[in-house]
Amino acid sequence: KSLVILISGRGSNMQMLLDAKLPAKAITVISNNPAATGLEIARSRHIETHVLDHRAYPSRELFDAALAEKIDACQPDLIALAGFMRILSNSFVSRYQNRLINIHPSLLPAFSGLNTHARAINEGVKIHGCTVHFVTPQLDHGPIIIQAAVPVLPEDTTETLAARVLQQEHLIYPQAVRWFLEDRLMLTSNSIKIREATT
Ligand code: GRF
């Protein structure tokens, strides 16, 4: 199996995927940000990396087309967004239907979009978390593969809550990708079921 990981920044989720010994024979990392520190991590692990700076493209459509071309050259079975901070056009999302997944730092459908941890604290929720889901044209709304919950504590700041959630992201993203690569995800209407492992 072949996996493409798209990043924009720190790349800690990407790092967990690279270190998870996934059943993938090829992994490629693509960043829209030349300064993403995640690129260094990937290079240090001798992973093929590509940079496609979105600022060099006059429109989202042209950037997405160039990105799709890079991705298609890898013939990936799965594309995993890992802190990829660009909204993708509908045509891009449709092209990779059922093989494009994302990790989002909230318990979707709560807190889609940005600043999830600050919003969770402001709303006074007692439980927060993270979600791995398939990407569909509606932002942060695709079928959910796995979620993890954490408590929100009275003394939490955005930073302490983000750190608690990130620990869980690092567990659930490799799990979700492994299930996908093992062909264990079954999509029925809008919900995902996990098949038993075959031995
Ligand atoms: C993570 O919190 C992820 O859920 C969100 O962006 C952050 C990326 O962190 N989409 P990293 O680059 O994986 O360290």
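Bear in mind that the values in this text are calculations on the coordinates, not laboratory data. Small disclaimer: the values here were computed from a predicted structure and weren't measured. As a convention, Cβ positions derive from the backbone with ideal geometry for all residues, glycine included, and neighbour counts pool all protein chains shown.
Please give the strands (runs of 3 or more DSSP E) falling wholly within region 97-163 in which 2 or more residues are surrounded by fewer than 18 Cβ atoms within 10 Å (Cβ to Cβ).
In region 97-163, the matching strands (runs of 3 or more DSSP E) lie at 144-151.
Go through region 20-48 and count every residue that is closer than 20 Å to PRO174 by Cβ and touching a residue at least 40 places away in the same chain (Cβ under 8 Å).
8
Residue by residue, here is whether (1) farther than 27 Å from ALA68 by Cβ; (2) touching a Phe, Trp or Tyr at 6+ places or on another chain (Cβ under 8 Å) holds:
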position: LEU100; (1), (2): no, yes
position: THR136; (1), (2): no, no
position: ASP140; (1), (2): no, no
position: ALA162; (1), (2): yes, no
position: VAL177; (1), (2): no, no
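Take region 12-33 and flag every residue that is farther than 17 Å from ALA176 by Cβ, within 15 Å of the ligand (Cβ to nearest atom) and in a loop (DSSP other than H, G, I, E, B).
Correct list: ASN32, ASN33.
What are the residues in region 61-96 that are of a type outside the set (Gly, Ala, Ser) and free of Cβ contacts under 8 Å to residues at least 24 places away in the same chain, if any?
LEU62, GLU69, ASP72, listed by residue number.
Which condition number does ALA66 fail, the rest of (1) assigned to a helix (DSSP H, G or I); (2) within 16 Å of the ligand (Cβ to nearest atom) being met?
Here ALA66 meets the rest and fails (2).
Residue by residue through region 164-194, note down the ones that are surrounded by fewer than 14 Cβ atoms within 10 Å (Cβ to Cβ) and away from the ligand (no atom under 16 Å from the Cβ).
ASP183, MET186, LEU187, THR188, SER189, ASN190, SER191, LYS193
If you take the residues of region 9-34 that are of a type in the set (A, V, I, L, M) and out of contact with any strand residue (DSSP E or B) (no Cβ under 8 Å at 6 or more places or on another chain), which of them is surrounded by the most Cβ atoms within 10 Å (Cβ to Cβ)?
MET16
Can you tell me which of (1) away from the ligand (no atom under 12 Å from the Cβ); (2) farther than 21 Å from THR136 by Cα; (3) buried (at least 21 other Cβ atoms within 10 Å of the Cβ) is the one PRO76 doesn't meet?
(2)
Identify all residues within region 101-149 that are polar (S, T, N, Q), over 12 Å from the mean Cα position of the chain (by Cα) and within 13 Å of the ligand (Cβ to nearest atom); write none if there are none.
Within region 101-149, SER106, SER112, ASN115, THR116, GLN147 meet the criteria.
Here's the yes/no breakdown for (1) near the ligand (Cβ under 10 Å from one of its atoms); (2) surrounded by fewer than 18 Cβ atoms within 10 Å (Cβ to Cβ):
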residue: ILE7; (1), (2): yes, no
residue: ALA36; (1), (2): yes, no
residue: ILE41; (1), (2): yes, no
residue: ARG45; (1), (2): no, yes
residue: LEU52; (1), (2): no, no
